[in-house]
Every structure is written in C-alpha cells, then in structure tokens.
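The values are calculated or read from the model by the stated rules, or taken from the named source; none is laboratory data. Keep in mind that what you see is a predicted model, and the values were worked out from it rather than measured. Cβ placement follows ideal geometry from the backbone for every residue including glycine, while neighbour counts extend to all protein chains displayed.
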Amino acid sequence: MTFSKLVLLLLIIGCNGSTNIDQNYLLSQDSNGLVTASQIVITANNFLTQNDTYQIDLTFNSDISFSGSATIDLDIGGVTRSANFTVQPTSNSMRFIYTITNADNDYDGITISPMKINITTGQITSDNGTVSKSFSTLSYPLKFASYDTVYYLNPKRADGSTNYSSGCTDTNYVNLARPSINAILTNFSSCATYGWQGSGTDANPYHVNFAGGEIINMGYDASINSTFDIGQTWSIALWYKNTGGTPAAWRWIFMKPFTSHVSPYYQVDIIQNNTNKIFGRIWRSDAFATYMSAGSPTAIDTNWNFITLVKESLVLKLYINGTLVATDTTPSGTHSNYTRPMALAGNINVGTATYNVQGMIGSTFIIQNDLNGTQVTNLCALSNDYNSSICN
C-alpha cells in the first residue's frame, strides 16, 4: 500500500465514520501479484583485479520504486563482500556495484550468496504487487578475480579495447592487460600472414600465428621470476593450435630458461614432442634429465587446445582442455632459478627454428598460484574464445 492510498483510505473513514472496509478493495490494490526479478546481468571483465568493478543489474517484471540503502552479498574466495545499491537505471531495475580490492582472490569465480537483496533502509515498492527480494532462480556468469600476479597475454585488453595492428606492425605489446607481459615479437618476416591475428570472434579469435622462426620474448620480470624457485607454486595456461604437423624432434610452446644454453642449465617448458604429445617439464641438464615431467598419454588434435601446467609444492600436473592427464610426484635431483626471460613459441637461448612453434598461440596466463582442477576448468571456460566444444 502506497502512502497516497493510505491517506485516501483515512479520509474515507473519517468522512462517514464507518469501519466496514472493503477487504477485496484492499487486496486488489496492495497484493494483486508478486513482482520478481526476471533477469540478472553481470557487467565485468572475465578477469578482475584491484579497482575493477563488478556490476549487478537486476531487472524486475514490473516497475518498482526504491529509495534507501541496499546490498547484495558476494562470495569471493569464501569471504563475504557487499555490492552496494547505486541507482535505478530504468524504472524496473536496480544496480549494485562492488569494487575489487587487493585482498580479493577467487579462481572459482565470484558467486552471489545468498541470492537476495538485503535492505538496510527503505522499501522496494510496486503498484503491481509485493516485491520479492529473492532471485534464487536466476543464473549468471562467473568472473575470475585475483590479487595474485596474473600475467595475461592477449591482444584484447582487459577493458575490451585492442592495442595491436594486424600482423606485426606494432611489435611492442605493453599493457595488453593489468598486469601485463611486455611482449616483443621477434623475427616476424611476413607481417601480413604472421604476428597478431584475429577479430575476437569464435571463428577468428585473437592469436599469434607462427611460421616456425618467430618467438615472443616476454622479457625478464623480477616480480614473477622468484615464483619459479624450487618448492614454489605456479600455473601456466595457454591456448594452442598446431598447424605445422608433427615436429622432427619437439617444439617449445612455453619456455622459462633459468640459465643460458650452457651446462648446467635448467628450465621450465611446455613442449609438443615428435608424436604430437604435450609435455610439461622442469628440466636439468647436469644429468640431462628432468627434475619433474608430466606428459599427455595421447596426441593433441589440430583444433585449439587449452594447456595448463600446474606446479604444486612437489607435484607437477598437466591438464589438457580442463582434464588432468598426467602427474609427476617424484622430483629427481634439484634445480636452480636464474634471471632469464620467458618466451613463447621457442627458446631464446637456441636459435634453431627446428624447435620453434608452427601454429598459433592465444590467451596465455602465468599465475603465481597452483590452480586446482575446478579452477583450471573455470579458467578454460572464461577464456574460451577458441573452441566451443570444450570447457563448457
């Protein structure tokens, strides 16, 4: 019942002195339906970091009115945060906004829990019935939030814009995301064919195309280098498409060399071997052997594949398309970490093109944490502009 109707009713009673109120009249004006939220829209990047906003728009099946304070609870990594009511964008909607802090971390995706509006002051009203504060039947997309250092390499920026030219006219890709890899494309001789490609569609996603002699030198970054110390945890995830057939020996997809290519040398790498199987390794040359190695039992196909190598404390795990395919729990010997730059599609210490990628690499993530299986699948789904048949 609105305030104006209450005044009108009091005037009627005051005029005739009657207490015989028509209950049907009251019900028809005040409780003639249940106004519910009919749609929830989340406006946010798929990958959120400090100062990014997470916006919730609730649309109702009827016009509503609200003046006051209200919140919606968010579960971010098991911690409850509050998205605050800010405005009614339309006559039948409410907007809530939360700003990510440097303490928010959720690789499983931000969830709304419980799915209801908390009213601090005021009341949600509608001329068409009682307004329900619950919206538990609605679905919404999950968004990845992290205060850990996440290096996200993609020509599409986190804000949705692009910072690249097709091919390799722009060779220094700084601020592709927050935080970013300062990636420099080297040895690209045919810019019309190789280098950054794509339009951001499922049929033509953003990627880098390699003919077999090119490398993305991601440079040395002190803030992430220590992540690869022995006993530390990390995750490397990337989209990869093989277009060059079977390697003669192997191809380096990702490389983090710890030393130059002289013995003893150590490195973390992801390779495609001469049977088209994917291996993730921590390599040590002092015994020409691996410290740890996890290899796929089957060959990859020629579609886009999501490869994830996860280093737990003393466990190495390899995931293909969100599925755990290999685990190594037995380190052999030791390894050391030195200040050498990371690279995609080749080894910056070895100039032989035989070992360089012939294919495509898309979104790449280097994360200072060991993702679990659910988080790997979620990351695959959130970054999937490449292969609709997996991680959905």
Worksheet, complete the sentence: When (1) closer than 16 Å to residue 309 by Cα; (2) modelled with pLDDT under 80; (3) touching a strand residue (DSSP E or B) at 6+ places or on another chain (Cβ under 6 Å) are applied to residue 266, the one that fails is (1)
Worksheet, complete the sentence: Residues of segment 340-367 being over 19 Å from residue 202 (Cα atoms) and at pLDDT 80 or above, in sequence order, are 343, 344, 345, 346, 355, 356, 357, 358, 365, 366, 367
Item to complete: Give the residue that is farthest from the chain's Cα centre (by Cα), with candidates limited to residues of segment 202-218 that are more than 17 Å from residue 304 (Cα to Cα) and outside any loop (DSSP other than H, G, I, E, B).
Response: 215
Discussion item. Tell me whether segment 69-91 contains one or more residues that are part of a loop (DSSP other than H, G, I, E, B) and crowded, with 19+ Cβ neighbours inside 10 Å.
Written reply: no
Worksheet, complete the sentence: Taking segment 95-111 and the residues there that are β-branched (Val, Ile, Thr) and outside any strand (DSSP E or B), the one that is surrounded by the fewest Cβ atoms within 10 Å (Cβ to Cβ) would be 101
Worksheet entry | Top-ranked residue of segment 225-253 - restricted to ones that are more than 23 Å from residue 357 (Cα to Cα), surrounded by fewer than 20 Cβ atoms within 10 Å (Cβ to Cβ) and in contact with a Ser or Thr (Cβ under 9 Å, 6 or more places away or on another chain), ranked as modelled with the highest pLDDT | 233
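Determine whether segment 129-140 contains at least one residue that is touching a helix residue (DSSP H, G or I) at 6+ places or on another chain (Cβ under 6 Å) and either surrounded by fewer than 21 Cβ atoms within 10 Å (Cβ to Cβ) or at negative phi (or both).
no
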Worksheet entry | Residues located in segment 354-380, provided they are of a type in the set (Val, Ile, Thr) and buried (at least 23 other Cβ atoms within 10 Å of the Cβ) | 357, 364, 366, 367, 376
Worksheet item: How many residues does segment 316-342 hold that are β-branched (Val, Ile, Thr) and within 30 Å of residue 385 (Cβ to Cβ)?
Response: 4
Worksheet item: Which number in (1) at pLDDT below 80; (2) of a type outside the set (A, V, I, L, M); (3) within 15 Å of residue 348 (Cβ to Cβ) marks the one condition that residue 284 misses?
Response: (3)
